[in-house]
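Coordinate-derived values only; no laboratory data. These numbers were taken from a predicted model, which means no experiment stands behind them. With ideal geometry, Cβ positions are generated from the backbone for all residues, glycine too; neighbour counts draw on all protein chains shown.
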Amino acid sequence: MATRLTRILLLYDSRGGLTEQLADAIAEGVTGAGCECLRRRIDDATVPDLLAADGIILGSPNWSGITGRLKEWFDYSGDLWETRELAGKVGAAFTAGYSRSGGIEATLLQLIHLLLAHGMVIVGLPWTEAMRESGSYYGATAHGRVTDADREQARALGPGWRRSRRVWRLAAEESS
Ligand SMILES: Cc1cc2nc3c(=O)[nH]c(=O)nc-3n(C[C@H](O)[C@H](O)[C@H](O)COP(=O)(O)O)c2cc1C
């Protein structure tokens, strides 16, 4: 029987292109982990894109939090938080801003909050030496420009995804 690839929706806003550069590296990690990467800027995204994905990696510029555009898109994406159609999918977050101390983790937590509100299972980044330079337990980051360390952390979200999904699957099988 033919099995399809795990499909990851890489969904993000980016007004100046920095968050989009981080998305490039995340896409490399996702496809490198053997997953299909469906990439959408928020202006082009549709609700069926969300439903078709096994996991969603959500990104926003750090605009003292997520952008209004991204929040508005989710606000008007229907009643998915009530129907629980995204529950159990895996989620992760990324953001880019000017400053490493300019609220970057608060913005990652806002992104994660949106995913948790849909009952999703969240993947972060574990400690590695790269985290001395870049990234957060809450997701991939960049500030000012996208460095090699930022790309390394962003690519790590893809493989981390598969490991987490396996844990979730096994847990479901164990409890059924
Ligand atoms: C309205 C607004 C608010 C911003 N707030 C912050 C902030 O709180 N912290 C920060 O580090 N950068 C902040 N920035 C800078 C952006 O994060 C920066 O321009 C970043 O490159 C945006 O990502 P993008 O290039 O993908 O659009 C802000 C920019 C704007 C326009």
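Observations on the model:
- Packing rank of 64-71, 26-33, 134-141, 97-104, where each peptide gets the mean count of other beta carbons within 10 Å, highest leading: 134-141, 26-33, 64-71, 97-104
- Dividing the helix sum by the residues of the chain, where each DSSP H run of 4 or more adds -39500 (n - 2.57), gives a mean residue ellipticity at 222 nm of -13000 deg cm²/dmol.
- When the Cα atoms of region 35-176 are aligned to their principal axes, the ranges along those axes come out at 43, 35, 24 Å in descending order.
- Full-extension gain in nm, His113 to Ser101, via 0.36 nm per residue minus C-alpha separation: 2.3 nm
- Which of Cys37, Thr67, Thr95, positive extreme of dipole for the chain (C-beta unit charges): Cys37
- Relative contact order for the chain: 25 percent, from Cα pairs under 8 Å spaced at least 6 residues apart, divided by residue count.
- If R0 is taken as 22 Å, the Cβ-Cβ distance between Trp127 and Glu36 corresponds to a FRET efficiency of 0.15.
- Among Trp73, Trp127, the ranking by other beta carbons within 10 Å of each residue's beta carbon, starting with the fewest, stands as Trp127, Trp73.
- Ranking of Arg41, Arg155 by count of other Cβ atoms within 10 Å, fewest first: Arg41, Arg155
- Ranking of Arg132, Arg15, Arg151 by count of other Cβ atoms within 10 Å, fewest first: Arg132, Arg15, Arg151
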